[in-house]
Structures are given as C-alpha cells and as structure tokens.
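K.L.:
Here it is, the structure, as structure tokens.
The values are calculated or read from the model by the stated rules, or taken from the named source; none is laboratory data. As the structure is a computational prediction, the values presented were derived from the model and not from experiment. Every residue, glycine as well, gets a Cβ built from its backbone with ideal geometry; the counts of neighbours run over all protein chains shown.
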Amino acid sequence: MIATLGTTLTLAAALVAQHPHGGSAPAPGMSAEEVARHEAKHLNDIHQVTSGLARAGEGYFSPDGGSIIFQAVPHTPPAIFHHPQPDEDGYQIYLGALRSDSPAQMVSTGKGRCTCPYFHPNGRSILFASTHLNPSTEASPPKGPAYSRTARYRWEFPESMDIFAADLDGKNLVRLTDTPGYDAEGSYSADGTKIIFTSFRDGDGEIYIMDADGKLPRRITHTRGYDGGPFFSPDGKRIVYRSDRKGNDLLQIFVNNTEGTAERALTNNEFVNWGPYWHPDGRHIIYATSRHGHSNYELYLMDVDSGSEERITYHEGFDGLPVFSPDGKRLMWTSSGRTADRKSQLFIADFTLEPAPSPRAATR
C-alpha cells in the first residue's frame, strides 16, 4: 500500500478495471503537450521500468540507487481450459538492477501472496511480508479484514501475513513477526536498527515499531481506524503514514513523532490520500490522491512543515506509490495510465525538487 497503499494486493488492478478507456492518454481536458509541459516542471525522461509481468508496482530503490525491489504478478502460461490455482494472481517479490534488459529475479518463495518489499540500509538484505507459511488452498484471496469503498476498490489484510527478512537472493529467510493477525507494510529506519510496520494484532490496524530482529514491538497509534503505510523520516525523528481515522474510507496523511505523541494531519479532505514517502531532505513528502477523480490518482509534493503542496503528475489514469531515490534525484512510481494495456507497471524519471522554469519565463 502499498500501498501501494503498501498493502495494495489488488488496488492497482482494480483501478485499471474501473477505467473505460484503453491506451495511454493525457489527463481529462488536457492535451499531451500540456501534460508533458506540466510534468516537466519536476520530472524529466519518464520511462517504463518493468515489463514481462502481468502487473508490477510498489518499488523501492536500493541504498546505492543501483537496484530496485518490487512486487509483481507473473504472467500465467498459455493453457487450454485453465483452472486458476491458489494465489496465482497474488504478488511475489522481485529484485533487479537498474540496467537495460537486466533480468528481474523472484526473491520470495513463490507461494502465498507477498507485499511491501524494502531494502535494509546496508544493502545486503531485504524485508517483505508474505503468507507463504499459510498459503491459500483455494483459488481465492485469503480471508481476513479488508479495506473497501466499492466492490472493485478493495484490498485484503490476510491474517496469515507476516514480515520476513532475507538475503538479497531470498535465501536465509527469517520470520520477524509471529502474532495472530495481519503484519505487513514494514520499512527500516535509516540506521537499520528499527522496523516500522502495520499490525492487526490488537484487533485494529495500528502502527508499531520493533527492533530489526523483530523483538520489542511497541504500539505507536492508539485511535480507532486503520493506520498504515508508515515510513521513518531520514533523521529517524518523525514518521508519516495514512489513516482511515474518521471511519469514512477516505484515507488522510498524518505526521507524528516516533513516540506517537505529536500526531498532526497533513490532509483533511474528501479524497483518498495515501502512499506518502519522504524526500531525503526530511521536509517534503510525496503522495497520491484521488482529488482529480477516483480513476485518475495523481502525485503531489508537500512541504510537511508549511503545508504547501504542488501537483507533480498530470496523466490520466492511476499514478501512485511514489518513492525517491536515496539521493533524491529520481522518482519511481506505479502507473497504469501510461501503459498500452492499462496494467500497472513501474515508471521512473529524473526529479528536481525546485520546479524548472516554464519556457516562457526562461525567455524573459
């Protein structure tokens, strides 16, 4: 939810299914030239990263910026009278170098459903959530709590989902959570000593922080309503996350300290706002919002301290789950509106925090 939302096991595909149009298109009411001009204020050289997968998304950069880890659904092999197998439409975790024609390697077990991958800051291990210890036995998602606005806009919180650490190739898998209820949406602090995550262990989706080895978990949020997709700020002093605090299925973005005593809403509107991620400067975040329509999620950049914000993407369709490279010079996100088949894939672009001057202003 990944998130996506970090937990978006089905969200990106659901948004695609809602969209009545095929092919790539600009935002409603805008020409392709206008979209390109607006996006060029902060983005340059936008191009698709992942391919050869039924759908892919929620990607994160390695600490050196040279590789990515992401969740994806492999294509089902051609068959006659195909009978869907358990979890065959579920995400697995892949890792690959950011080089032309570099292969993407599956690093999860291939069983169950996976989500929320992340690199350890030392670059030598990974983190992800998985149901592989208790995979589905039928060709349907595992049962558990769910977030839903419509029949199509829905994702599950499988009760058998737990957080695991592993080597870069998926070997030496270590289970870090072992409590009843969904545990996922995990990420490391910058020093690698802590993991922040979402858990339903107390009956409601709350945010917890634990040691990197899974010990000493402590609860951060205490208000009714799903809280998820948390990330530490680069200095480790603040956290950002999304919440359904009002119980109206309209997620809002919050910032807090690591003790949970300084919570502050960054959005308070009638839209779904989710997938917040810190810029390396520790002051700005980027997130996705439905303010331009539920079939047209766009990315916004926000100054957490002042509250000022600016629209980053203008393309019709779904743009979400944005993340910055460690040096802040690249932005990667999940998009379905930019692919010919309207299936979600990862996209990447060069990013500048200060907007580029418009062509007209540059000639003055």
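K.L.:
State which residue pairs qualify: first residue touching a residue at least 24 places away in the same chain (Cβ under 8 Å) and inside the stretch 36-49, second residue acidic (Asp, Glu) and surrounded by 18 or more Cβ atoms within 10 Å (Cβ to Cβ) in any location, beta carbons under 8 Å apart, and separation of 6 or more residues or different chains.
P.N.:
Ile46/Glu39
K.L.:
Counting only residues that are closer than 18 Å to Ile196 by Cβ and modelled with pLDDT under 95, give me the strands (runs of 3 or more DSSP E) lying completely in the stretch 229-291 with at least 1 of them.
P.N.:
Filter on the stretch 229-291 gives 273-278.
K.L.:
Of everything in the stretch 170-186, what is within 12 Å of Leu127 (Cβ to Cβ) and buried (at least 21 other Cβ atoms within 10 Å of the Cβ)? Give them in sequence order.
P.N.:
The answer is Leu176, Thr177, Asp183, Ala184, Glu185, Gly186.
K.L.:
Here are some residues: Gly181, Gly205, Gly192, Gly214. Which one is touching a residue at least 60 places away in the same chain (Cβ under 8 Å), out of contact with any Cys (no Cβ under 8 Å at 6 or more places or on another chain) and on the phi > 0 side of the Ramachandran plot?
P.N.:
Exactly one of Gly181, Gly205, Gly192, Gly214 is touching a residue at least 60 places away in the same chain (Cβ under 8 Å), out of contact with any Cys (no Cβ under 8 Å at 6 or more places or on another chain) and on the phi > 0 side of the Ramachandran plot, namely Gly192.
K.L.:
Can you tell me which of (1) surrounded by 17 or more Cβ atoms within 10 Å (Cβ to Cβ); (2) touching a residue at least 40 places away in the same chain (Cβ under 8 Å) is the one Ala340 doesn't meet?
P.N.:
Here Ala340 clears every test but (1).
K.L.:
Follow-up question, since we're still on this one. Please give the number of the condition Ala362 fails out of (1) of a type in the set (Gly, Ala, Ser); (2) more than 16 Å from Glu39 (Cβ to Cβ); (3) modelled with pLDDT of 95 or more.
P.N.:
Evaluating Ala362 over (1) of a type in the set (Gly, Ala, Ser); (2) more than 16 Å from Glu39 (Cβ to Cβ); (3) modelled with pLDDT of 95 or more leaves (3) as the failure.
K.L.:
Let me ask something else. What residue, among those in the stretch 304-332 that are among the charged types (D, E, K, R) and closer than 22 Å to Glu270 by Cβ, is nearest to the chain's Cα centre (by Cα)?
P.N.:
Asp319
K.L.:
Ok, one more. Output the number of the condition that Thr4 fails; it satisfies all remaining conditions of (1) surrounded by 15 or more Cβ atoms within 10 Å (Cβ to Cβ); (2) assigned to a strand (DSSP E or B); (3) at pLDDT 95 or above.
P.N.:
It fails just one condition, (3).
K.L.:
Next question, about the same structure. Which of (1) exposed (fewer than 14 other Cβ atoms within 10 Å of the Cβ); (2) out of contact with any Asp or Glu (no Cβ under 9 Å at 6 or more places or on another chain) is the odd one out, the single condition Thr223 does not satisfy?
P.N.:
Thr223 satisfies every listed condition except (2).
K.L.:
Which ones in the stretch 292-323 are in contact with a strand residue (DSSP E or B) (Cβ under 8 Å, 6 or more places away or on another chain) and either assigned to a loop (DSSP other than H, G, I, E, B) or among the hydroxyl-bearing types (Ser, Thr, Tyr) (or both)?
P.N.:
His292, Tyr297, Tyr300, Val304, Ser308, Ile312, Thr313, Tyr314, Glu316, Gly317, Phe318
K.L.:
Cβ-Cβ below 7 Å, separation at least six or inter-chain, first residue in the stretch 51-74 and under 11 Å from Met332 (Cβ atoms), second modelled with pLDDT of 95 or more and of a type in the set (D, E, K, R): which pairs?
P.N.:
Gly65/Asp327; Phe70/Glu58
K.L.:
Which numbered condition trips up Asp213, out of (1) assigned to a strand (DSSP E or B); (2) touching a Leu at 6+ places or on another chain (Cβ under 8 Å)?
P.N.:
(1)
K.L.:
Which of the residues that make up the stretch 162-176 are touching a Ser or Thr at 6+ places or on another chain (Cβ under 7 Å) and either of a type in the set (S, T, N, Q) or closer than 18 Å to Gly229 by Cβ (or both)?
P.N.:
Asp162, Ile163
Quick grid of which residues meet (1) surrounded by fewer than 23 Cβ atoms within 10 Å (Cβ to Cβ); (2) of a type outside the set (Phe, Trp, Tyr):
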{"site": "Ser295", "(1), (2)": "yes, yes"}
{"site": "Val304", "(1), (2)": "yes, yes"}
{"site": "Phe318", "(1), (2)": "no, no"}
{"site": "Arg330", "(1), (2)": "yes, yes"}
{"site": "Ser344", "(1), (2)": "no, yes"}
{"site": "Thr352", "(1), (2)": "yes, yes"}
{"site": "Pro357", "(1), (2)": "yes, yes"}
